[in-house]
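Have a look at the structure below before the remarks.
The values are calculated or read from the model by the stated rules, or taken from the named source; none is laboratory data. Small disclaimer: the values here were computed from a predicted structure and weren't measured. So basically every Cβ, Gly included, is an ideal-geometry build from the backbone, and we count neighbours across all protein chains shown.
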Amino acid sequence: MLRRDLTLAWRRRGDIAMPVLYALIVTMLFPFALGPEDTLLQRIAGGVVLVTILLAMLLALDAMFSSDIEDGSLEQLVLSPQPLALMLAMKILAHWLTTALPLIIISPLLAGMLHLPTAVMPVLVLSLLLSTPMLSLLGAILVALTAGTRRSGMLLALMLLPLCVPVVIFAAGAVAASQQGLPWLAPIAWLGAALVLLLVLAPLACAAALRIALDA
């Protein structure tokens with residue numbers, strides 16, 4: 001399942017590049033809008049990069065199961081003898097690898113455009129490595145709930161953004177604490193604990209939500 005989804009994503013390489021281009025363009029606009037003052041840009045750099053990557057991931061979230069619903073393969077997946085939660089976990093992992101991982105790779109470039117200190121960038125990357133899988137897992141549950149719904153993209157955004165607020169707060173808090181020379185491991189630990197919890201529960205909840213959506 002993982003190899004299949006990665007192969008399909010590679011055939012649609014333009015869809016992979018779209019969130020990356022979106023993040024680059026949005027980040028480039030902030031210095032033009034706020035001015036070239038280094039102090040101001042450094043203060044907001046962590047939050048801007050986190051929110052930009054969150055919104056860029058949201059662009060591709062609606063397509064996580066859409067092609068499978070259109071060709072009927074998702075219904076076959078539900079009826080297959082393999083554990084549905086495990087199969088969906090592989091689909092979520094493929095989505096994270098093709099959507100979030102390229103954004104994490106370019107995150108130092110985005111942060112550098114906003115003059116974030118180099119010493120803080122490892123904390124930013126670590127917070128993204130913990131927070132972006134959580135966004136994919138939470139988004140997968142909501143995508144499964146809204147499967148087959150018209151205009152599900154707007155509904156998905158309205159449901160997901162409030163759930164992302166704690167994730168962004170802890171991730172931005174770790175980056176801000178590192179910038180100020182304060183201990184930053186506590187927010188990272190909370191993110192790690194929440195990620196472990198979601199890794200266990202989210203595929204099960206996604207499978208249940210998908211069965212409910214398809215039965216409806």
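General remarks:
- Check on Val20, within 22 Å of Val123 (Cα to Cα) and assigned to a helix (DSSP H, G or I): yes
- Enumeration of residues in segment 2-16 that are modelled with pLDDT under 85 and either β-branched (Val, Ile, Thr) or on the phi > 0 side of the Ramachandran plot (or both): Ile16
- Leu137 vs. criteria surrounded by 17 or more Cβ atoms within 10 Å (Cβ to Cβ), modelled with pLDDT under 85, within 23 Å of Val20 (Cβ to Cβ) and touching a Leu at 6+ places or on another chain (Cβ under 8 Å): no
- Near pairs, Cβ below 9 angstrom, 6+ apart or cross-chain, from segment 27-44 (free of Cβ contacts under 8 Å to residues at least 40 places away in the same chain) to any residue that is among the β-branched types (Val, Ile, Thr): Leu34/Ile44
- Residue within segment 80-89 that is buried (at least 16 other Cβ atoms within 10 Å of the Cβ) and among the hydroxyl-bearing types (Ser, Thr, Tyr) present: no
- Test result for Asp5, in contact (Cβ under 8 Å) with a residue 60 or more places away in the chain and not β-branched (Val, Ile, Thr): yes
- For the residues Ile105, Ile188, the requirement of being at pLDDT 85 or above and out of contact with any Ser or Thr (no Cβ under 8 Å at 6 or more places or on another chain) singles out Ile105.
- In the condition set (1) hydrophobic (A, V, I, L, M, F, W, C); (2) surrounded by fewer than 17 Cβ atoms within 10 Å (Cβ to Cβ); (3) at pLDDT 90 or above, Leu158 is compliant with all but (3).
- Qualifying residue in segment 24-34 (condition: surrounded by 13 or more Cβ atoms within 10 Å (Cβ to Cβ), at positive phi, modelled with pLDDT of 85 or more and not hydrophobic (A, V, I, L, M, F, W, C)): no
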